[in-house]
Every structure is written in C-alpha cells, then in structure tokens.
Amino acid sequence: MSPEEAIKNDLERKFDFLNGNITIKRARRIFVDVPFERFHDVLDYMIKKMRCAMLSGITGLDEVENFAAIYHMSPEGKIMVNLKVKISREKPHIKSIMQYFPIAEMYERELEDLLGIHVDGLPEGRRYPLPDGWPKGEHPLRKDWKGAGLEMKLEGTDA
Amino acid sequence: MGVITKIVNWGRRKSPWVLHFNTGACNACDIEIIAGLTPTYDLERFGVLLKGTPRHADVLLCSGPVTRQIESRLKMIYEQMPEPKFVVAVGTCACTGGVFKGCYNVKAGINTVIPVSAYIPGCPASPKALIDGVTKLLNSLEESPKKK
C-alpha cells in the first residue's frame, strides 16, 4: 500500500464524514473536501497525530456561489495534503490557525484584504498587501469587483 | 568662477554617478543595469559609479511601474538628489506601465510621478540600449554646458 493510500485510510478511519471526499489526483498529491463545521477537528488531528509540520500556503478562491480556502500542508515534506473548505458568501469568516503556524498570519491577511473573508483572531496590524490608504470594503480579487471609478474613490486617501 | 564651473560640468558630463531604484519591477531590468556596470559591458571604466545614497548621485536609473505603496518614497528620493539631476526610465514598465497598465495597484509609468529625461524601452532593456540611451542623454547636455 502506497504512503498516499495509508494517509487516506487513516483519515477515513478516524473521520467517517470524509468517506468519498478524499481523492488522490496523482503521485504525492491528496485533495480533501472538509465541511466547514468540522474543519478544526480535522486540522487538529493532522497536526498533532499525523505530525504535519509544514504549511506551504493558503489559497483563497472565489467560486461564484461561495468562497473557498485551500490549506496546503505536508507531513515530513514528501506528500502534499490539500484541505479545501467552503465558506459562505454572506458574512464570510474563518478562524485563524496562528496558534499552530505563526506564519499563517501573512496568508490570512491576504485573504482578508483581497477577498474580504474576515479572519477571527488576527492581531491588529496594517493592511497587507494593499496600500495603507485603501478604502474599506473594496476587495479587488472578488469576481464581481469592477475597477471603474477607482481614481475617484482613492481621491482623499493616501493610496 | 567660470573656470571651476566648466571643470565641474565637464566632470558631471563625462562620468556621472548613478543611483539605481526599483519601483516594483520583476527585477529583470535591475539585473541588466547591474550587468551594464560589471566587466562584460563595463561602464565603470568610464568613471560611472553606482552609489548607495541619492545625495551623491547625478542620474537616477529607475525601473518598474510605480506601485501605489512606493510612490511617496520615490518622490522623497527624487527630492533628496542635489541639482542638476536627471532621471532615466529603464524598461517598458517604467516608460508607460507595460503589461500592467490599467491595473488597480499601479500608476502607469514613472512620468506620472517625477519628471523623466530619457526613456529606454525593452523587456528587459539590454545593456547596449542602456549605454546608448545614457550616452544620448549626456551628449544632449553638451549643447548647453552651463547647467542651471
């Protein structure tokens, strides 16, 4: 049994709601669809018991009916496990994972600034990566954001 | 004193000191600028020095489309350079914004922020084009040797 199948069976044995939601696309890549409410249980299990010590990044998506966030993690750096969680479009918010990975602050600030997904638990800080005087409520990477009239909106600000 | 002014202007024309600044570029034009100064193309044999501070520089070699974050810093650096000063825009992004024109986070081209004396297009601008452009800029100053 290959190492990818071992990880898949381990996760399915522990969490039965993941049956049918784990796909192995090709060698060393596993994709897992996690429901929003149980996300932190799965994350906790993977970090503590399966010893996923490496977070490669957090990708934010705008699928038209909802948002999504994909967490790219890896046990021992050989196999990439991608946890995808769907986020609703009105009042989007997720909890921060900074208590496990302090570097996640950078990726979560990007999610906040560019897609507008509010992250609970982020410390106070400046905007990243948008300029400091950027007006609130403008999230450039949303599919329905239009850049028309941008110069007028930035008129009185520092940007 | 006429003689001393003439000697100082001759020094400025013949071996300008440059400062290099990157306003959000992809770094290709920066590598070509440094390649122009290192021994293959070797501008340093003419006395062109790369300085670390704008207060020592005559010419500002600028690459990259100006992002909104760096606009105020670029203005500050331009104001710190002593007169007479010249700005050279290296690469297509610095001239007009290149592929990034119209994006929400760039102002297209350096001439929207500071006055530019010479434009060198190319993606990236090759060191030969850079030397050609800087030489043309310096030759155009010879017609008016008394600088303001």
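One table, with the values for the structure above:
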read-out	value
Positions within the stretch A:1-37 being surrounded by fewer than 17 Cβ atoms within 10 Å (Cβ to Cβ), in contact with an Asp or Glu (Cβ under 9 Å, 6 or more places away or on another chain) and closer than 13 Å to A:Val85 by Cα, in sequence order	A:Asn21
Failed criterion for A:Trp145 (all others in (1) part of a loop (DSSP other than H, G, I, E, B); (2) buried (at least 18 other Cβ atoms within 10 Å of the Cβ) hold)	(2)
From the options A:Leu141, A:Leu154, residue that is in contact with a Gly (Cβ under 8 Å, 6 or more places away or on another chain), free of Cβ contacts under 8 Å to residues at least 24 places away in the same chain and within 14 Å of chain B (Cβ to nearest Cβ)	A:Leu154
Residue check for A:Leu111: of a type in the set (A, V, I, L, M), crowded, with 17+ Cβ neighbours inside 10 Å, within 14 Å of chain B (Cβ to nearest Cβ) and in contact (Cβ under 8 Å) with a residue 12 or more places away in the chain	no
Among residues of the stretch A:45-80, those that are of a type outside the set (Ser, Thr, Tyr) and outside any loop (DSSP other than H, G, I, E, B), counted	19
Residues satisfying the stated conditions in the stretch A:71-95, i.e. surrounded by fewer than 16 Cβ atoms within 10 Å (Cβ to Cβ) and closer than 17 Å to A:Leu122 by Cβ	A:Lys91, A:His93, A:Lys95
Subset of the stretch A:35-53 (residues that are among the acidic types (Asp, Glu) and under 21 Å from A:Glu4 (Cα atoms))	A:Asp41, A:Asp44
Boolean, A:Arg126 is in contact (Cβ under 8 Å) with a residue 12 or more places away in the chain and either assigned to a helix (DSSP H, G or I) or surrounded by fewer than 15 Cβ atoms within 10 Å (Cβ to Cβ) (or both)	no
Of all residues making up the stretch A:81-109, the number that are closer than 19 Å to A:Tyr45 by Cα and not in a loop (DSSP other than H, G, I, E, B)	8
All helices (runs of 4 or more DSSP H) inside the stretch B:1-117 with 1 or more residues being touching a Gly at 6+ places or on another chain (Cβ under 9 Å) and away from chain A (no Cβ under 14 Å)	B:2-14, B:28-37, B:92-96
Pairs where the first residue, in the stretch B:1-19, is within 12 Å of B:Leu141 (Cβ to Cβ) and the second is not in a helix (DSSP H, G or I), C-beta under 7 Å, 6+ apart	B:Asn9/B:Pro145; B:Asn9/B:Lys147; B:Arg12/B:Asp58; B:Lys14/B:Gly47; B:Pro16/B:Val48; B:Pro16/B:Asp58; B:Pro16/B:Val59
Selection status of B:Ala125, under 29 Å from A:Lys146 (Cβ atoms), in contact with a helix residue (DSSP H, G or I) (Cβ under 8 Å, 6 or more places away or on another chain), among the aliphatic types (A, V, I, L, M) and in contact (Cβ under 8 Å) with a residue 60 or more places away in the chain	no
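FYI, it's all coordinate maths here, none of it is from the lab. Keep in mind that this is a model prediction, so the values were computed, not measured. Here Cβ is always computed from backbone atoms with ideal geometry, including for glycine, and neighbour counts include all displayed protein chains.
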